[in-house]
Each structure stands twice: as structure tokens, then as C-alpha cells.
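Worksheet: one structure, shown below.
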Amino acid sequence: MSKKKIKDPYSTRESENYDNPIPSREFILEILKQNNRPLTRRSIGKLLALKGEEQTEALRRRLRAMERDGQLLRNRKNAYGIVSKMNLITGRVMGHPDGYGFLVPDEGG
């Protein structure tokens, strides 16, 4: 993780939309791409040089919204990663009355 502070190219747009702007979704995705691994909310906040409780809460809400919209996925370690960069299999779980189930992949197989 680089200590060099990077500027969000979308900061003007964000400051027009919010009273207390935080980095844009695009910039957060770029930070995650550059690090090439999932990062915790705290790590993302440090990389973005966020200060104060208000900005930390705004980041939490932004990450949750990105997770809800399918841009990010949170793993078991509470680290956020880019969905398209993860080696995931999409499908449906078919449950059995005996208590076990199977994943039926969307792409066959």
C-alpha cells in the first residue's frame, strides 16, 4: 500500500452532490484495483486519508451501497473486493429435505 496521497478525479462532482463529500465509487474501485486484493474498511479509509467520524461513517455507507449494488463483495474477514476480480461461481443452491444441498452453476457444469 502506497503512502502517497492520490486525488480523486471525481471530487468536484462529489462535492456538488454532498455537503461532506468522500471519494467517489469510481475512485474506491480504482484503489481496490491498484492494491490487487480485498481491503478492510479501515485500510480503505487510511488510503483515502479520511479523517473524523463523519467521513468514516460516510465511507461505511458508501461501501454498503456498493456492496448492495453488486460492485463490491465483503468476505469473511470483512474485507471488500471487486466482484469481477474474484474467482466466484454464480448459481442457485438446491436444497435437499435431508439437510444438504448443491450449487447448480448458472453456466452449466
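Here are the numbers:
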| quantity | calculated |
| --- | --- |
| Candidate lysines - alpha carbon under 22 Å from residue 7, same-chain residues fewer than 8 apart omitted | 33, 46, 51 |
| For the stretch 29-35, Karplus couplings with θ = phi - 60° (6.51, -1.76, 1.60), whole Hz, Gly/Pro x | 4, 5, 4, 5, 5, 5, 7 |
| Total charge dipole magnitude, the stretch 11-105, about the Cα centre, Cβ charges on Lys, Arg, Asp, Glu only, Debye to nearest 20 | 400 debye |
| Distant-in-sequence amide H partners of residue 91 (H built 1.01 Å from N, under 5 Å) | 106 |
| Kirkwood Rh, Cα atoms: Rg over Rh of the stretch 11-105 | 1.11 |
| Vicinal HN-Hα couplings computed from phi for the stretch 45-53 (Karplus, 6.51 cos²θ - 1.76 cosθ + 1.60; Hz; Gly/Pro x) | x, 5, 4, 8, 6, 7, 10, x, 5 |
| Approximate spin-label separation residue 30-residue 82, in nm, with each point projected 7 Å along Cα-to-Cβ | 1.2 nm |
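Coordinate-derived values only; no laboratory data. Note that this is a predicted model, so its numbers are computed, not measured. When we count neighbours, we look across all protein chains shown, and the Cβ atoms used for this are built from the backbone with ideal geometry, even at glycine.
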